Amino acid sequence: MKTIDLTGKTAIITGSSQGLGQATAEALHAAGANVVVNYFPDSHDKNKELAGSMVAAIGQRTIAIGADVRETDDVEKLFRLAKREFGTVDFVINNAGIVRDRTVQKMSDTEWQEVIDTNLSGVFKMSREAAKHLGPGGRIVNLASIAAALGAFGQANYAAAKGGVMSLTKVLSRELARSQINVNAVAPGVIDTEMSRTIPESVMAGMKAQIPLGRFGEPAEVAGVVLFLCSELADYITGQTIHVNGGWWSS
């Protein structure tokens with residue numbers, strides 16, 4: 001039986017200074033991978049500080065690189081610096097995402113476009129660049145969401161972007177199969193992260209009541225699925241969306 005050993009491999013994880021991205025970075029690093037912690041370079045340096053603290057906590061074989069996944073130049077820089085540091089890029093985890101929740105009637109053009117640009121176009125640009133650098137055995141794992149499957153109220157922009165990620169994953173899996181690069185998506189349900197904690201308690205209670213397992217997920221539980229998809233155990237899995245939602249589903 002194969003075991004998970006990513007020694008000598010390098011992973012770029014977008015938006016990984018906290019939350020699901022941080023848990024994924026920790027999981028891949030624990031399995032032996034070199035890890036590139038990507039953060040959005042905001043004007044207040046908050047994300048840079050978070051990324052720096054995370055790199056210090058994880059230890060060797062980890063670097064932090066600021067890059068905006070919406071910008072092609074930044075994406076190219078991210079790969080260039082990763083390869084300069086570690087010599088190779090083997091896994092790309094497209095985790096960066098934002099929310100701008102509002103009903104369709106109240107949603108502005110800006111709120112729509114900001115989410116599409118980060119959550120969908122960012123995945124496209126990262127994947128396009130990844131195709132230039134990943135070799136046989138490479139992996140792209142895209143973070144989707146239960147919001148796309150449920151059509152979550154007040155999340156037209158987010159659900160549309162994540163639904164697009166699922167479709168893009170299928171297309172990429174076909175196009176990159178000839179290069180022996182596997183492309184999959186992971187669609188979390190409600191996970192206990194900074195993002196989910198902004199949801200009102202009454203809404204959260206209603207969500208929990210619909211989850212057969214009776215609880216919200218932990219970041220490490222999503223990270224474990226990403227780790228599996230990056231491993232040799234998942235050699236014959238591509239073009240799939242793995243739902244990690246405690247059994248919460250829509251009829």
| query | Going by the alpha-carbon gyration tensor, a ≥ b ≥ c the square roots of its eigenvalues, is the chain rounded (a/c under 1.5) or, if a/c is not under 1.5, prolate (a/b greater than b/c) versus oblate? | reply | rounded
| remark: Result for the chain: accessible area per residue, probe 1.4 angstrom, in square angstrom, of 49
| field | the chain, accessible surface, carbon-and-sulfur percent (1.4 angstrom probe) | value | 51
| request: Kindly rank 238-245, 69-76, 223-230, 19-26 from highest to lowest mean number of other beta carbons found within 10 Å of each residue. | output: 19-26, 223-230, 238-245, 69-76
| note | Here the range 124-136 yields Karplus 3J(HN,Hα) values (6.51, -1.76, 1.60; θ = phi - 60°; whole Hz; Gly and Pro given as x) of 4, 5, 5, 5, 4, 6, 4, 4, 7, 10, 6, x, x
| Once a ≥ b ≥ c are taken as the square roots of the eigenvalues of the Cα gyration tensor of the range 103-251, is the result rounded (a/c under 1.5), prolate (a/b larger than b/c) or oblate (a/b not larger than b/c)? | oblate
| Around Val244, which amide H atoms from residues at least 5 apart in sequence, or from another chain, sit under 5 Å from its own amide H, with H modelled in the peptide plane? | Ala187, Gly189
| request: Please go through the residue pairs Lys125/Lys170; Lys125/Lys162; Lys77/Lys125; Lys46/Lys106; Lys46/Lys162; Lys83/Lys162 and name each one whose alpha carbons sit more than 19 Å apart in this structure. | output: Lys46/Lys106; Lys46/Lys162; Lys83/Lys162
| said: Translational diffusion coefficient of the range 50-133 at 25 °C, 0.890 mPa s, Stokes-Einstein with Kirkwood Rh over Cα pairs, in µm²/s as a whole number. | reply: 169
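May I ask you to list the trypsin sites (Lys or Arg not before Pro) in the range 78-176 that are in a DSSP loop and have at most 15 other Cβ atoms within 10 Å of their Cβ? Let's see the in-between values first.
Values: sites: Arg80, Lys83, Arg84, Arg100, Arg102, Lys106, Lys125, Arg128, Lys132, Arg139, Lys162, Lys170, Arg174; in loops: Arg100, Lys106.
For trypsin sites (Lys or Arg not before Pro) across the range 78-176 that sit outside H, G, I, E and B with at most 15 neighbouring Cβ atoms in 10 Å, the list reads Lys106.
The values are calculated or read from the model by the stated rules, or taken from the named source; none is laboratory data. All of these numbers come straight from a predicted model, not from anything done at the bench. Heads up, the Cβs are rebuilt from the backbone with ideal geometry, glycines too, and the neighbour counts pull from every protein chain shown. For the accessible areas, the whole protein counts, side chains as well, though only heavy atoms, and no ligand, DNA or RNA atoms are used. Shrake-Rupley method; radii C 1.70, N 1.55, O 1.52, S 1.80 Å.
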